[in-house]
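Take a look at the structure set out below.
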Amino acid sequence: MQFICKTATLNQYKSDCTVIFVDPKAALSTAAKQADDLCEGALTTAIQAGDLKAQTGSTLWLYSPNGNAARVLVIATHNKTAAPKQSHLVDIEALRELTQATAKALITKDIAHASIHLDTLILEGITAEALAHEFSYSLEHATYRYTATKPSHAPLPQLKKATFAHDNKDSVKLLKAGTTSGYATAKGVNVARELGNLPGNICTPTYLAQQAKKLATNCTVLTTKVLNEAEMKKLGMHSLLSVSAGSDQPAKFIIMEYKGKTTKAPNVLVGKGITFDTGGISLKPGAGMDEMKFDMCGAASVMGTFQALVEMKAKAHVVGVIAAAENMPNGHATKPGDVVTSMAGKTIEILNTDAEGRLVLCDALTYVERFKPKSVVDIATLTGACVIALGHHATGLYANQQSLADQLLASGRATHDRAWQMPLWDDYGKQLKSNFADLANIGGRAGGSITAACFLSEFTKAYPWAHLDIAGSAWHSGGNKGATGRPVALLLNYLLNNA
Ligand code: BES
Ligand code: MN
Ligand code: ZN
């Protein structure tokens, strides 16, 4: 979508729809009165008839035969909690309700150009920049449709352009800044959704490597390097290679480096890129196995975050590493009881080949030591146990440094892409003892997300590190099955605050 920010009052220029915000329980603002005039009094009539519900995000369509836009979309801003003073305090969640309601309403009609009057939305404690960020984010997010293998996917949204209008000239600069970041975030989220949604027969490790290369073409601030299996073998990545051993698809180790206007040490992102997880010889049951095409959503979130950094020309130094492999059970596949030596030199007894995420990540986490990183965050659809613990709303967060955990938690709250911290205690780590190797790759059913994190923590002693288990948050199951693009918004917010 195209976004324009400008100083304008209602009806000053042509578009397909004027959007204003109205509290039906309060007196009409100047802009709302003007809209009422343009609709020949229909707004007043509708409010009196109770057609605009006093509930944040309720919508009302009106028509303006003589105006510069044929339609007027009215969005209700009434706050349910009517406590005095506090009543204007709208947090990011309520703002999201408004932006999502606006986007949802606009894409149901044949509207190509919407004119959104942000000066009619006054929310205490929320800047014009935050408003523009949230609106551009929600609009760009709402226009995404998966069509790669379903070209008939209907209805395709017609919305191509949004103008954010404000009557105050000084606010327009803030609107522009917010639009840049909101649009870039949504583009990154949509890249992650698309990669996640692509089926395993298209989105292979080789495909991920090609996409990463493509992102870096004609881009001076981004470089991409891809290691093949022979190069990984030389580095001693036998743990990673034990996962791709049973597949005809070769593993790829993807390294992206974004360096924009800074010489600081990098923050590093490491993504789990299992493009399909059958479980290997420890084969998964058939029901729902298709969803294991989403097992590369950690990698997708890294790609999406890099897309956003490039899009907004961010001032930041970020390294992104993707360990991409397919987990299959052919005659070369790793067997339960096999022992491999990781790049770090630690031996691992593979008791369950379905606990493959940690096997690819541990070598990636050792590899990134060479960047002398300020921080390392890995992102992985790592455990079904995390879904049992936290459900689908929160990402599981683990860290070996509390200040890093606090920053990531704060970024999650600020973007409504929330994480919840879990313990990394030694008591859990003890469950990974093996009689035949330094570590076993599973620690029993109890605390499965935690023991997986403890396994990774054995390889991350050289730097501040956090692990995001996105098994529950990365995709929706059921009727609206699809990737969510999480946690791109959290990651981007964290990286920009750290640049
Ligand atoms: N990719 C899965 C984790 C997963 C399962 C994510 C269900 C989302 C939904 C991972 O590779 C896996 O299979 N983990 C095992 C670990 C177990 C064998 C210790 C699991 O969670 O069952
Ligand atoms: Mn698995
Ligand atoms: Zn997996």
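One table, with the values for the structure above:
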item: Scope the stretch 307-323; condition open to solvent by 10 Å² or more (accessible area, probe 1.4 Å) and either within 16 Å of ligand 2 (Cβ to nearest atom) or of a type in the set (A, V, I, L, M) (or both); matching residues; result: 310, 312
item: Considering residues of the stretch 198-215 that are in contact (Cβ under 8 Å) with a residue 24 or more places away in the chain and open to solvent by 20 Å² or more (accessible area, probe 1.4 Å) only, the residue farthest from residue 140 (Cα to Cα); result: 206
item: Qualifying residue in the stretch 470-478 (condition: within 13 Å of ligand 1 (Cβ to nearest atom), within 24 Å of residue 374 (Cα to Cα), of a type outside the set (Gly, Ala, Ser) and touching a Cys at 6+ places or on another chain (Cβ under 8 Å)); result: yes
item: Single match in 224, 220 (criterion: buried (at least 19 other Cβ atoms within 10 Å of the Cβ), outside any helix (DSSP H, G or I) and assigned by TED's automatic domain parsing to the domain that holds residue 300); result: 224
item: Odd one out for residue 282, checked against (1) surrounded by fewer than 22 Cβ atoms within 10 Å (Cβ to Cβ); (2) within 12 Å of ligand 3 (Cβ to nearest atom); (3) assigned to a strand (DSSP E or B); result: (3)
item: Single condition residue 317 does not satisfy, out of (1) out of contact with any Pro (no Cβ under 8 Å at 6 or more places or on another chain); (2) away from ligand 3 (no atom under 16 Å from the Cβ); result: (1)
item: Test for residue 269: is it at pLDDT 95 or above, away from ligand 3 (no atom under 16 Å from the Cβ) and buried (at least 22 other Cβ atoms within 10 Å of the Cβ); result: yes
item: Residue within the stretch 62-69 that is open to solvent by 60 Å² or more (accessible area, probe 1.4 Å), under 27 Å from residue 158 (Cα atoms), out of contact with any helix residue (DSSP H, G or I) (no Cβ under 6 Å at 6 or more places or on another chain) and at pLDDT 95 or above present; result: yes
item: Hits in the stretch 324-361 - residues which are within 16 Å of ligand 3 (Cβ to nearest atom), open to solvent by 40 Å² or more (accessible area, probe 1.4 Å), among the aliphatic types (A, V, I, L, M) and within 32 Å of the chain's Cα centre (by Cα); result: 328
item: Given (1) surrounded by fewer than 18 Cβ atoms within 10 Å (Cβ to Cβ); (2) at pLDDT below 95; (3) within 28 Å of the chain's Cα centre (by Cα), number of the condition residue 123 does not satisfy; result: (1)
item: Residue in the stretch 270-279 that is within 13 Å of ligand 2 (Cβ to nearest atom), farther than 18 Å from residue 468 by Cα, in a helix (DSSP H, G or I) and acidic (Asp, Glu) present; result: no
item: The stretch 331-359, residues that are more than 16 Å from ligand 2 (Cβ to nearest atom) and outside any strand (DSSP E or B); result: 331, 332, 337, 342, 343, 344, 345, 346
item: Verdict on residue 303 being more than 16 Å from ligand 3 (Cβ to nearest atom), touching a helix residue (DSSP H, G or I) at 6+ places or on another chain (Cβ under 9 Å) and in a loop (DSSP other than H, G, I, E, B); result: no
item: Test result for residue 388, aliphatic (A, V, I, L, M) and surrounded by 22 or more Cβ atoms within 10 Å (Cβ to Cβ); result: no
item: Test for residue 218: is it modelled with pLDDT under 95 and within 30 Å of residue 161 (Cα to Cα); result: yes
item: Failed item in (1) in contact with a Pro (Cβ under 9 Å, 6 or more places away or on another chain); (2) aliphatic (A, V, I, L, M); (3) within 14 Å of ligand 1 (Cβ to nearest atom), with residue 289 passing the rest; result: (1)
item: Those residues of the stretch 362-379 which are farther than 18 Å from residue 318 by Cβ and either within 16 Å of ligand 3 (Cβ to nearest atom) or charged (D, E, K, R) (or both), in sequence order; result: 362, 363
item: Enumeration of residues in the stretch 241-266 that are under 15 Å from residue 227 (Cα atoms), outside any loop (DSSP other than H, G, I, E, B) and open to solvent by 10 Å² or more (accessible area, probe 1.4 Å); result: 241, 252, 255, 257
item: Test: residue in the stretch 293-300 that is farther than 15 Å from residue 378 by Cβ and in a loop (DSSP other than H, G, I, E, B); result: no
item: Subset of the stretch 359-392 that is within 16 Å of ligand 1 (Cβ to nearest atom) and out of contact with any strand residue (DSSP E or B) (no Cβ under 8 Å at 6 or more places or on another chain) - its residue that is farthest from residue 443 (Cα to Cα); result: 391
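Okay, residues lined up against (1) within 22 Å of residue 178 (Cα to Cα); (2) in contact (Cβ under 8 Å) with a residue 24 or more places away in the chain:
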| site | (1), (2) |
| --- | --- |
| 4 | yes, yes |
| 10 | yes, yes |
| 14 | no, yes |
| 23 | no, yes |
| 35 | no, yes |
| 43 | no, yes |
| 48 | no, no |
| 63 | no, yes |
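Residues checked against (1) assigned by TED's automatic domain parsing to the domain that holds residue 147; (2) over 21 Å from residue 498 (Cβ atoms); (3) hydroxyl-bearing (Ser, Thr, Tyr):
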| residue | (1), (2), (3) |
| --- | --- |
| 175 | yes, yes, no |
| 213 | no, yes, no |
| 231 | no, yes, no |
| 247 | no, yes, yes |
| 256 | no, no, no |
| 261 | no, no, no |
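The values are calculated or read from the model by the stated rules, or taken from the named source; none is laboratory data. None of the values given here were measured: they were computed from a predicted structure. Glycine also receives a Cβ, built like all others from the backbone with ideal geometry; neighbour counts cover every protein chain displayed. Side chains included, ligands, DNA and RNA excluded: accessible areas come from the protein's heavy atoms. Shrake-Rupley method; radii C 1.70, N 1.55, O 1.52, S 1.80 Å.
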